[in-house]
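Chemist: I have a structure here, written as structure tokens, and I will follow up with some questions on it.
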Amino acid sequence: MTRDSNHDARPPGRGAVSARAGGARRALAAAAWLALAPATGRAAEVATAYPPMHRLTQAEYEGTLRFWRQRHPQWVTLEARGLSGRSLPVWLLRITDRTVPDTDKQVCLVTALHSGPERSGTTGALALIEWLLGDDPDAVLTRRRQVVLAMPVVNPLALFHTDRFRNDHKVDPYTGTGAAGKVWDVKSLTLLKPEEAPELAAVVSVFDQYQPDVHLDLHGTGLQEYAPDQLGARRMYHGQIMTEITGSAYSNYALRPWDWRVTEAMIAAGREAGFPSDRFEADAQRVFGGPEFAPLAKKTWSGSALFYSAHYGYAKYHTMTATLEVAWEQSAVARARGLLRIGNGIWLDERTEGYPVNRVKSFVGHFVTAYGATAAERRRSRVELWNRQADFAVGFLYPQTVGRASFVCAVTADAKRALAPADLPGLRRNLREQFGHAAGALERFLEAGPEIKLGLDTPAPALLLAKDNDAGSLQHGIGFRLRLPAVEVRGLQVELNGEGLAPSPTDGYESWPADGFTQVQIHVPPDRARRTGLFFVTCRYEPVQQHRTGWMPPPEVQREQGTAEADATPPTWSEVPYGPHFRQTLDFWQASSAEPTPLVFYVHGGGWAADDKSEIHRHLDVRALLKAGISVAAVNYRFLVDAHAAGVSPPVEWPLGDARRALQFVRAKAPEWKVDPARIAGSGVSAGGCAVLWLALHDDMADPQGADPIARASTRLAAVAAKSPVVSLDPQQLREWIPNSVFGAHAFGYAGSSRAESFAPFLAAREAHLPQIRRFSPIEFASRDDPPVFLEFPNQDKPPVPGEPQTDPTHSAVSGLMLARALQPLGVKVELRYRGDGRTGHANLQEALVDFLRPGPASP
């Protein structure tokens, strides 16, 4: 059972062994008492059921190693890689078929870093060696395709003498922890005092010599939880087991294969042999924790990400690490066979045999890979690239686009600076300097696509400050992996730095379908890699199976929302901010004209609580307005809920104030957007109609002497065309006009489960709000200088009669009638239209706006 063998290795606030492990210790202690007690009564029955197990001696262990070497000299090499405490050798077995050259073999290191008290880890490793030296077809194949390095006893003092985790200097080889803390300098990947950790020094020497592709570390059960007075004859008992786990360790979730499918392959092999595995956090149904999860520590997985000695191989050579907890030796053999099979075969999305260890840097599914036609070449390249990749800058053209793929990798300071421009024209200039004539093909690729920039893993300022290190050019080649999101493609064209590549396993590209993608592997041999520090891969292709992007609302919703019209008429500029709040934005459509154009200024409805500027397409034909030479602006504004949250009273001040600010913003933009500031007509529906009427009838709210240039712009409109507008916020006035009116209370901060519920207290408190009611009610500002007004009430179902209840009191033509009665005596032109009115004139907002803004000479 692997755990931290010292308190100082545990992360702050998190015990390396959980409370459950404490219960397990107590159970083990009880079992030990039964195993060691006099064989009388119940204890005798237990001893009969669970007889003591043979304890492996040092002489038997070393005798077995020599026996294997003598019996299989063609496969086995035996050497001592160092001396543990009390001059005990740390042995290494090298197992491979020497009749097959090592050039294309994988290298697998098997250790038992917690050998000692965790005895089944060691005996599991010995059982695996025994299988490897047998006649099983998988063993024969493994010997031919791999070099298996085995160190079954890393800490012989612990296994044969002390049954404790640490050596003579109190160092635990597994966690890399000594009496004073870590014995590792993780930054330099060196042992601080190698003389105090000779067992680890021996393991490190094997890593350094062989640079293994995979490292399997075996752990297990034994006497580690037995107190000194419980050790007795130091013999385990038959049937002494533990929960077997595969791939990782309970205390350290960073100690696992990076690909969960590797772990599952080992689990499946064990299960097939009758040995199930626990899956850590998956079976516990827990998420990983972290610093911000500290208050939720009891609800997250109990392990931590720690640097253990097994990480040395990963950190230095990109070795894939896996661990096993072993209860049954044959389980260790079965699961290890599952791992070895991966090394003997071709991985799920690869082209060559071997472990999946050759991707050294990634960026959103694009990979820098090792180069090489043989395992040895790939290993050399992998190690070089792995130790330099942190200094690479990688990226691709963004957004990603069907039919086009790219990947760029800069390995020198000059190459990084070339990638720094945020705009594609600047990038093209730099590529010409990098590649000369060949850059022409790259430029054509860039110009042919819709991408807007080069997305990189390194920010531009860091690229510009890049400095070359002392590593020089790449010596062992480099590879790149693109994965096209289609299992079958046509017309594949691959270029590197503007030069076309031909299919080749050594100098060019290979492509094949795997894992749902078309895998494209680019091979850049050493001589080509040495000539440049910038690698720009581009790829064109056509997917055989086309997948449509995008989702559309149901047809009924599209018709209601004017979706087709919106898609057919995209804004010239979208989401233009006129204020700091996320809702303070507008869309602008610019009519084609050599002269300044009139403009429709549209404010959406929704009771100042819903909807947005896209509503314009349900009420106006924007394309037709543009064809008529009229530009358009549609405005979003802050809702009542935003004002209420900010403590604004009355809340309606914000949406109406935003309409004012947006109009001033558009006027301030008039020279840039070629808009005639004197020919701006307002339009809106419901609450939006209220806003544009308020602007149209209100005296000019400009601040001519103000410091803010936008606030100096006029707020007057040349005309207004509104549909079903709210013309008054006075509850008493509304009730006199329309007895069942219930609108307006929310504009002054009154809430309720319905408008009727909130309206009653608003009406009762009218006198207190009267100054603000008059401030924001359009009808209060009726005057002789008001612009022409068009009012449309398409849902009116009967002639409007003041004093009669209405089917839709909020949007009744009675409101329009009352506004007309206020304006017409002042000489203001008002046109009121509703269903069945029997009148002629403008039929709708569109006609009225076009007539109001009919192009003519621009105003001075």
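The values are calculated or read from the model by the stated rules, or taken from the named source; none is laboratory data. Everything numeric here is computed off the predicted structure, so don't read it as measured data. Glycine also receives a Cβ, built like all others from the backbone with ideal geometry; neighbour counts cover every protein chain displayed. Remember, those area values only see protein heavy atoms, side chains included, never the ligands or the DNA or RNA. Shrake-Rupley method; radii C 1.70, N 1.55, O 1.52, S 1.80 Å.
Chemist: What are the pairs, 6+ residues apart or on separate chains, where a residue within the range 384-406 that is more than 19 Å from LEU496 (Cβ to Cβ) and among the aromatic types (Phe, Trp, Tyr) has its Cβ under 8 Å from a residue that is in a loop (DSSP other than H, G, I, E, B) and open to solvent by less than 40 Å² (accessible area, probe 1.4 Å)?
Modeler: From residues that are more than 19 Å from LEU496 (Cβ to Cβ) and among the aromatic types (Phe, Trp, Tyr), the pairs are TRP386/HIS318; TYR398/GLU451.
Chemist: Follow-up. Which is within 30 Å of THR96 (Cβ to Cβ) and crowded, with 24+ Cβ neighbours inside 10 Å, of GLU325, GLU353?
Modeler: Sole residue among the options that is within 30 Å of THR96 (Cβ to Cβ) and crowded, with 24+ Cβ neighbours inside 10 Å: GLU325.
Chemist: Within the range 158-194, how many residues turn out to be among the aromatic types (Phe, Trp, Tyr) and assigned to a loop (DSSP other than H, G, I, E, B)?
Modeler: So the count comes out to 2.
Chemist: Sort through ALA201, ALA269, ALA233 and tell me the only one that's closer than 24 Å to GLU350 by Cβ and out of contact with any Phe, Trp or Tyr (no Cβ under 8 Å at 6 or more places or on another chain).
Modeler: ALA269
Chemist: Inside the range 70-86, can you point out the residues that are free of Cβ contacts under 8 Å to residues at least 60 places away in the same chain, open to solvent by 60 Å² or more (accessible area, probe 1.4 Å) and closer than 22 Å to PHE207 by Cα?
Modeler: GLU79
Chemist: Can you name the number of the only condition in (1) out of contact with any strand residue (DSSP E or B) (no Cβ under 6 Å at 6 or more places or on another chain); (2) farther than 22 Å from HIS746 by Cβ that GLU653 fails?
Modeler: Just one mismatch for GLU653, condition (2).
Chemist: Looking for something under 24 Å from ALA420 (Cα atoms), more than 29 Å from the chain's Cα centre (by Cα) and not basic (Lys, Arg) - is there at least one such residue anywhere in the range 499-508?
Modeler: Looking for residues that are under 24 Å from ALA420 (Cα atoms), more than 29 Å from the chain's Cα centre (by Cα) and not basic (Lys, Arg), one finds at least one in the range 499-508, hence yes.
Chemist: Output the residue which, of all residues in the range 682-715 that are in a loop (DSSP other than H, G, I, E, B) and hydroxyl-bearing (Ser, Thr, Tyr), is surrounded by the fewest Cβ atoms within 10 Å (Cβ to Cβ).
Modeler: SER714
Chemist: Return the residue satisfying two criteria in turn: it lies in the range 525-552 and is among the small types (Gly, Ala, Ser) and surrounded by 11 or more Cβ atoms within 10 Å (Cβ to Cβ), and of such residues it is nearest to TYR371 (Cα to Cα).
Modeler: ALA529
Chemist: Still on this structure: Considering (1) open to solvent by less than 10 Å² (accessible area, probe 1.4 Å); (2) part of a helix (DSSP H, G or I); (3) farther than 30 Å from SER381 by Cβ, say which one SER115 fails and leave the rest.
Modeler: (2)
Chemist: Which members of the range 375-408 meet the condition of being part of a loop (DSSP other than H, G, I, E, B) and more than 21 Å from TYR314 (Cα to Cα)?
Modeler: If the condition is that a residue be part of a loop (DSSP other than H, G, I, E, B) and more than 21 Å from TYR314 (Cα to Cα), then PRO399, GLN400, VAL402, GLY403 are the ones that fit.
Chemist: Show the residue pairs meeting these rules: Cβ distance below 7 Å; 6+ apart or different chains; first residue within the range 710-736 and in contact (Cβ under 8 Å) with a residue 12 or more places away in the chain and among the charged types (D, E, K, R); second residue surrounded by 24 or more Cβ atoms within 10 Å (Cβ to Cβ) and part of a helix (DSSP H, G or I).
Modeler: LYS723/GLY689; LYS723/LEU845; ASP730/ILE773
Chemist: Moving on to the next point. So, in the range 621-649, how many residues would count as being among the aliphatic types (A, V, I, L, M), over 21 Å from ARG583 (Cβ atoms) and assigned to a loop (DSSP other than H, G, I, E, B)?
Modeler: 2
Chemist: Just checking, which of THR175, THR221, THR243, THR190 is in contact with a Phe, Trp or Tyr (Cβ under 7 Å, 6 or more places away or on another chain), polar (S, T, N, Q) and over 22 Å from TRP347 (Cα atoms)?
Modeler: Among THR175, THR221, THR243, THR190, only THR175 is in contact with a Phe, Trp or Tyr (Cβ under 7 Å, 6 or more places away or on another chain), polar (S, T, N, Q) and over 22 Å from TRP347 (Cα atoms).
Chemist: For the range 80-91, enumerate the residues that are of a type in the set (A, V, I, L, M) and over 13 Å from GLU62 (Cβ atoms).
Modeler: LEU83
Chemist: Take GLU292 and decide whether it is surrounded by fewer than 16 Cβ atoms within 10 Å (Cβ to Cβ), more than 30 Å from ASP208 (Cβ to Cβ) and among the charged types (D, E, K, R).
Modeler: So GLU292 passes the test.
Chemist: Just to check your reading of the model, which residue among PHE790, PHE852, PHE781 is open to solvent by 30 Å² or more (accessible area, probe 1.4 Å), within 20 Å of THR715 (Cβ to Cβ) and in contact with a strand residue (DSSP E or B) (Cβ under 7 Å, 6 or more places away or on another chain)?
Modeler: PHE852
Chemist: Now for a different question. For the range 786-828, which residues satisfy the criterion of being within 16 Å of VAL685 (Cα to Cα) and either of a type in the set (Asp, Glu) or not in a helix (DSSP H, G or I) (or both)?
Modeler: Hits for the range 786-828 are VAL789, PHE790, LEU791, GLU792, PHE793, PRO794, ASN795, GLN796, ASP808, SER812.
Chemist: Could you list all residues from the range 592-610 that are surrounded by fewer than 20 Cβ atoms within 10 Å (Cβ to Cβ) and either within 37 Å of the chain's Cα centre (by Cα) or among the aliphatic types (A, V, I, L, M) (or both)?
Modeler: ALA594, GLY606, ALA609, ALA610
Chemist: Okay, moving on. For the range 487-524, name all the residues that are open to solvent by 10 Å² or more (accessible area, probe 1.4 Å) and in contact (Cβ under 8 Å) with a residue 60 or more places away in the chain.
Modeler: Residues satisfying the conditions are ASN497, GLY498, GLU499, PRO505, THR506, GLU510, TRP512, ALA514, ASP515, PHE517, GLN521, HIS523.
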